[in-house]
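Step one of this worksheet: look at the structure below.
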Amino acid sequence: MAADQLTIALDANGADAGPAEVARAAALAAAGGEVRVRVFGPVAEIGRPDAGRDSRTPRGAGSFAPGVELVDAPVSIAKAADPARAVRSTPASSIVQAVRAVADGRADALVSGGSTGAALAAGLFHVKRARGVHRPALAVLVPVPGRPFLLLDCGANVEVRPEHLVQFAHMGAAFMEAVIGLERPRVALLSNGTEANKGTEDVQAAHAALAGAAGLTFAGNVEGFAVGTGEADVIVTDGFTGNVFLKVMEGTADTLLRAVREAATSSARAKAGGLLLRPALAGLRDAIDPEAQGGAFLLGLRRLGVVPHGSFGPNGIARAIELAARGVRADVIGRTHDRLAAAGALRRPSEAVATVPDP
């Protein structure tokens, strides 16, 4: 084992592809030898790694493929109506076991494509929030060709206060500096107008606080039109708005690509032109593919987590594992906390804080 080899805890339950495909993703990620993956899931449903997708040969706990270990954890709470209660009452579930491995130091980061609520609740109970952080946030790098930007929160917090948005802004800036290598990223608030008095009262209050924040390049408010314009490198919003915003973008991009493909095959002349456009369209498809990004970073806990879409296949989940390892090596958690401290944006001990995330 390489001295700097990292171990990633992977929850195999909850993803649409099923536990066998999640385990196959672990094998893909571990093939390069830079990470080890400890997979928590139902070993009875996981076939041999070299037998293809149709294998029904069960695999026992233990070694699965080079660099991959299976831990039998068949219980799933991915569809639990109350994730916090399920985490408390089901310690044998795969997500709780995976998170505890991270909390205990048996793994360096978590990857889970199951329930975001369960991953958040388990993280808060076992890994704990970072000192002075109000609430964790999900941050995803949106793959706009030539002008990607970081969106947060995109699903962790339905309701937020101004101080939460301020922390999200500093978390996003720290991420872009640490992981992307972007100096002085421009940070903006998502609103229904660019003026400082637009948006909810909380957005307006956050705007006032960020406008005077030291060490932060604040670009003010941006509207939904800012997608693809390069006006901001980090866009901050609440988790409800961010989640809807992200899914509308992804759905629109998928619809447009399908429409282009259909138009390019609608006639003999269109097919001839389509052959010429195929390389460029393939490049565009790859540039906006959510799986290529690996998923969203869970920021604000004491250890790192990555949450890929539940719809991702093995390649996307493998990318999420690689992304988690990259985040650990870049010390995203430490650098995010340092920025919050330097900006005076950490929660004061006297301020109350919720125990679990919004559902």
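Of all residues in segment 149-170, none satisfies being open to solvent by 40 Å² or more (accessible area, probe 1.4 Å) and under 23 Å from Arg319 (Cβ atoms).
Of all residues assigned to segment 76-88, at least one qualifies as being of a type in the set (Asp, Glu) and in contact with a Gly (Cβ under 9 Å, 6 or more places away or on another chain).
Within segment 19-37, if we keep just the residues that are touching an Asp or Glu at 6+ places or on another chain (Cβ under 7 Å) and small (Gly, Ala, Ser), the residue that is farthest from Ser93 (Cα to Cα) turns out to be Ala29. Mind listing whichever residues of segment 180-206 are more than 13 Å from Asp238 (Cβ to Cβ), in contact with a strand residue (DSSP E or B) (Cβ under 8 Å, 6 or more places away or on another chain) and not small (Gly, Ala, Ser)? Across segment 180-206, the qualifying residues are Ile180, Arg184, Pro185, Arg186, Val187, Thr194, Glu195, Lys198. The numbered conditions (1) outside any loop (DSSP other than H, G, I, E, B); (2) closer than 18 Å to Gly300 by Cα; (3) in contact with a Leu (Cβ under 8 Å, 6 or more places away or on another chain) are all true for Cys154 except (1). For segment 157-170, a tally of residues being acidic (Asp, Glu) and not in a helix (DSSP H, G or I) returns 1. Reported count of residues in segment 319-337, each being closer than 14 Å to Met176 by Cα, of a type in the set (Gly, Ala, Ser) and either open to solvent by 70 Å² or more (accessible area, probe 1.4 Å) or touching a residue at least 40 places away in the same chain (Cβ under 8 Å) (or both), is 2.
Taking the residues in segment 171-208 that are open to solvent by less than 10 Å² (accessible area, probe 1.4 Å) and part of a loop (DSSP other than H, G, I, E, B) as candidates, determine which candidate is nearest to Thr241 (Cα to Cα). Before the answer, list the steps.
Going residue by residue through segment 171-208, those that are open to solvent by less than 10 Å² (accessible area, probe 1.4 Å) are 171-176, 185, 187-189, 193, 206.
Retained after the next criterion (residues that are part of a loop (DSSP other than H, G, I, E, B)): 185, 193.
Values: Pro185: 22, Gly193: 15 Å.
For segment 171-208, the residue satisfying everything is Gly193.
Of the residues Ala107, Ala122, Ala118, which single one is crowded, with 24+ Cβ neighbours inside 10 Å and in contact with a Ser or Thr (Cβ under 6 Å, 6 or more places away or on another chain)? I'd like the intermediate steps shown before the answer.
On the way: Ala122 fails: in contact with a Ser or Thr (Cβ under 6 Å, 6 or more places away or on another chain); Ala118 fails: in contact with a Ser or Thr (Cβ under 6 Å, 6 or more places away or on another chain).
Result: Ala107 is the single residue among Ala107, Ala122, Ala118 that is crowded, with 24+ Cβ neighbours inside 10 Å and in contact with a Ser or Thr (Cβ under 6 Å, 6 or more places away or on another chain).
Every residue, every condition in (1) in a loop (DSSP other than H, G, I, E, B); (2) modelled with pLDDT of 90 or more, yes or no:
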site	(1), (2)
Ala80	yes, no
Val87	no, yes
Val102	no, yes
Gly117	no, no
Ala122	no, yes
His126	no, yes
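The values are calculated or read from the model by the stated rules, or taken from the named source; none is laboratory data. This structure is a prediction, so every number in the text was calculated from the model and none was measured. Because the Cβ atoms are built from the backbone with ideal geometry, glycine has one as well, and the counts that use them run over all protein chains shown. The protein model used for the area step is the full one, side chains on, heavy atoms only, and it has no ligands, DNA or RNA in it. Shrake-Rupley method; radii C 1.70, N 1.55, O 1.52, S 1.80 Å.
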